[in-house]
Amino acid sequence: MNSDKNHGKENAGGIPNVVALIGPTASGKTAISIELAKLFNAEIISCDSRQIYKLMDIGTAKPSTEEMQGIRHHLIDIIYPDSSFSYADFASCAAPIIKEILGRGKVPFIVGGTGFYLDGLVNGVSAIPEVGENKLKNLREELELLETAKLVSMLNKLDPESAARIKFNDRQRLVRAISVSELTGRPFSSFKDKKIINNNYNYLIIGLTKARELLYNSINLRVEVMFKNGLLNEVESLLNSGYGELAPGMKTIGYQECVEFFYGRKTKDEAMAMVKQNTRNYAKRQETYFKRFKIDNWFNKDENKSNDKKIFERMARLIENHIK
RNA sequence: GCCGAGAUAGCUCAGUCGGUAGAGCAACGGACUGAAAAUCCGUGUGUCCACAGUUCGAUUCUGUGUCUCGGCA
């Protein structure tokens, strides 16, 4: 899967170059990204839907200040766990930051595991008009009370195309499609054209992963370390601060299971086992999503430390060719 | 040692009034237009513990053995 192929682009028309590193959780992105950032005078834009949350450090494997080694990181710690942050929010926040970084003569380096976020930035998001957050929220809450069959028949009337495409049990997508159709007066499926939010940068996307079994081992180990480092305390203090299980930020692997423990629905061991299990399942979903980027710059880490060095060097060469 | 219960998919178990079997979880694969660490979909051959008996046919009934878990000693 690894490739030495030269991806340096001619960059005609002066389109600015941006580098992105994706990979499943626990693949080792953080450490290598900081080393690469040091080498290329880059600033990192986190592409991680959980590290955006303040007060959630241990369970999101957020890099500490020491780990960052002076490399500037963006889009970490930007909201509290009671707010949500959509992929469109990510695209519209990241675009101006990329511009700023380029303005400083530095390399914008997007790093993270939220493929959907990167997708929105690179391929654009749909231009759905603002309908008012409260209206949307109220309608959504109303719809969530309805039976699935009812939702399906509603969507069939409003937008048969979406109804045909959305899987029958996928209530989240049914509710979304109905609310957009209803509030905009246009079928949801009519918004499928994507709009590029930024200035259409020239992206180099690099992937970092591990063989499945090794990845699962790393995940299991990382979860144990999180518990040792006080994940339960972190969750307890979030609960004490009023962030309950319904807060968007708390719908996070590692947090939801610990909440179950504090509510007496699970033992500590069960909670930890569930965190491991859910993280493994999540990593698999991430890998499926990454396939849509159709990149051939994938690197497989293994247990051999000397290969880490080779991977670093190959990535560095790719980046060098891309940004020159 | 005796009495009872059990042995079926990687795990927990259901089932077959005798015609070689199926759920949940795991695993694997997939989808993804503002919740994405979210949400949802698809994929089930496994000496049905072993041996013998009955039977056209046994994973199913009978016997013996082995192992596991209870209880009593």
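The values are calculated or read from the model by the stated rules, or taken from the named source; none is laboratory data. Keep in mind the model is a prediction, meaning the values are calculated, not measured. Because the Cβ atoms are built from the backbone with ideal geometry, glycine has one as well, and the counts that use them run over all protein chains shown. SASA here: full protein model, heavy atoms, side chains in, ligands and nucleic acids out. Shrake-Rupley method; radii C 1.70, N 1.55, O 1.52, S 1.80 Å.
Scan region A:179-225 residue by residue and report those that are within 23 Å of A:Gln277 (Cβ to Cβ) and among the charged types (D, E, K, R).
A:Lys210, A:Arg212, A:Glu213, A:Arg222, A:Glu224
Quick grid of which residues meet (1) more than 7 Å from RNA strand B (Cβ to nearest atom); (2) more than 30 Å from A:Ile98 (Cβ to Cβ); (3) outside any helix (DSSP H, G or I):
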{"position": "A:Lys150", "(1), (2), (3)": "yes, yes, no"}
{"position": "A:Met154", "(1), (2), (3)": "yes, yes, no"}
{"position": "A:Lys157", "(1), (2), (3)": "yes, yes, no"}
{"position": "A:Asn169", "(1), (2), (3)": "no, yes, yes"}
{"position": "A:Arg176", "(1), (2), (3)": "no, no, no"}
{"position": "A:Ser179", "(1), (2), (3)": "yes, yes, no"}
{"position": "A:Ser190", "(1), (2), (3)": "yes, no, no"}
{"position": "A:Ile197", "(1), (2), (3)": "yes, no, yes"}
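Out of everything in region A:63-92 that is more than 26 Å from A:Leu238 (Cα to Cα) and outside any loop (DSSP other than H, G, I, E, B), what residue ends up being least open to solvent (accessible area, probe 1.4 Å)? Explain how you work it out, then say what you get.
Initial filter on region A:63-92 (more than 26 Å from A:Leu238 (Cα to Cα)): A:69-72, A:88, A:91-92.
Add one more test, that the residue is outside any loop (DSSP other than H, G, I, E, B), and what stays is A:88, A:91-92.
Numbers: A:Ala88: 35, A:Ala91: 0, A:Ser92: 59 Å².
Going through the qualifying residues, I end up with A:Ala91.
Here are A:Leu204, A:Leu151: which of them is closer than 26 Å to A:Tyr117 by Cβ, aliphatic (A, V, I, L, M) and out of contact with any Gly (no Cβ under 7 Å at 6 or more places or on another chain)? Before you say what the answer is, go through the steps one by one.
On the way: A:Leu151 fails: closer than 26 Å to A:Tyr117 by Cβ.
Only one candidate passes the filter, namely A:Leu204.
Determine whether A:Ile295 is of a type in the set (Val, Ile, Thr) and within 12 Å of RNA strand B (Cβ to nearest atom).
On the way: of a type in the set (Val, Ile, Thr): yes; within 12 Å of RNA strand B (Cβ to nearest atom): no.
No.
Quick check: anything in region A:146-167 acidic (Asp, Glu) and open to solvent by 90 Å² or more (accessible area, probe 1.4 Å)?
Taking region A:146-167 first, the residues acidic (Asp, Glu) are A:147, A:159, A:161.
Next, only the ones that are open to solvent by 90 Å² or more (accessible area, probe 1.4 Å) stay: A:147, A:161.
Yes, the conditions are met somewhere in region A:146-167.
Collect the residues in region A:245-286 that are modelled with pLDDT of 95 or more and not in a helix (DSSP H, G or I), keeping them in residue-number order.
Matches in region A:245-286: A:Ala247, A:Lys251, A:Thr252, A:Ile253, A:Gly254, A:Tyr255.
Residue by residue through region A:109-148, note down the ones that are farther than 25 Å from A:Phe290 by Cβ, part of a helix (DSSP H, G or I), more than 8 Å from RNA strand B (Cβ to nearest atom) and not polar (S, T, N, Q).
A:Glu133, A:Lys135, A:Lys137, A:Leu139, A:Glu141, A:Glu142, A:Leu143
Within region A:214-233, does at least one residue satisfy the condition of being within 21 Å of the chain's Cα centre (by Cα), away from RNA strand B (no atom under 11 Å from the Cβ) and either small (Gly, Ala, Ser) or closer than 26 Å to A:Ser92 by Cα (or both)? I'd like the intermediate steps shown before the answer.
Filtering region A:214-233 for residues within 21 Å of the chain's Cα centre (by Cα) gives A:215-216, A:218-220, A:222-223, A:226, A:231.
Add one more test, that the residue is away from RNA strand B (no atom under 11 Å from the Cβ), and what stays is A:218.
From the residues that got through so far, the ones that are either small (Gly, Ala, Ser) or closer than 26 Å to A:Ser92 by Cα (or both) too are A:218.
Yes: region A:214-233 contains one or more residues that are within 21 Å of the chain's Cα centre (by Cα), away from RNA strand B (no atom under 11 Å from the Cβ) and either small (Gly, Ala, Ser) or closer than 26 Å to A:Ser92 by Cα (or both).
Any residue at all in region A:179-198 that is of a type outside the set (Val, Ile, Thr), farther than 26 Å from A:Phe293 by Cα, open to solvent by less than 10 Å² (accessible area, probe 1.4 Å) and more than 22 Å from the chain's Cα centre (by Cα)? Let's see the steps before the verdict.
First pass over region A:179-198, keeping only residues of a type outside the set (Val, Ile, Thr): A:179, A:181-183, A:185-195, A:198.
Narrowing the set further to residues that are farther than 26 Å from A:Phe293 by Cα leaves A:179, A:181-183, A:185-187.
Cutting the leftovers down to open to solvent by less than 10 Å² (accessible area, probe 1.4 Å) gives us A:179, A:181.
Checking the rest, the ones that are also more than 22 Å from the chain's Cα centre (by Cα) come to A:179, A:181.
Yes: one or more hits.
As an exercise: evaluate A:Leu139 against (1) within 30 Å of A:Glu43 (Cα to Cα); (2) surrounded by 14 or more Cβ atoms within 10 Å (Cβ to Cβ) and give the number of the one condition it does not meet.
It fails just one condition, (1).
With respect to A:Asn229, determine if the residue is within 27 Å of A:Gly23 (Cβ to Cβ), of a type in the set (S, T, N, Q) and either crowded, with 18+ Cβ neighbours inside 10 Å or without any contact (Cβ under 8 Å) to a residue 12 or more places away in the chain (or both). First the steps, then the outcome.
Details: within 27 Å of A:Gly23 (Cβ to Cβ): yes; of a type in the set (S, T, N, Q): yes; either crowded, with 18+ Cβ neighbours inside 10 Å or without any contact (Cβ under 8 Å) to a residue 12 or more places away in the chain (or both): no.
Against the criterion (within 27 Å of A:Gly23 (Cβ to Cβ), of a type in the set (S, T, N, Q) and either crowded, with 18+ Cβ neighbours inside 10 Å or without any contact (Cβ under 8 Å) to a residue 12 or more places away in the chain (or both)), A:Asn229 does not qualify.
Can you pull out the residues in region A:260-290 that are within 10 Å of RNA strand B (Cβ to nearest atom), of a type outside the set (A, V, I, L, M) and in contact with a Leu (Cβ under 7 Å, 6 or more places away or on another chain)?
Matches in region A:260-290: none.
Pick from region A:253-309 the residues that are buried (at least 16 other Cβ atoms within 10 Å of the Cβ) and of a type in the set (Val, Ile, Thr): which of them is nearest to A:Ile205 (Cα to Cα)?
A:Ile295
Inside region A:39-83, can you point out the residues that are over 19 Å from the mean Cα position of the chain (by Cα) and closer than 21 Å to A:Gly207 by Cβ?
A:Leu39, A:Phe40, A:Ala42, A:Ile71
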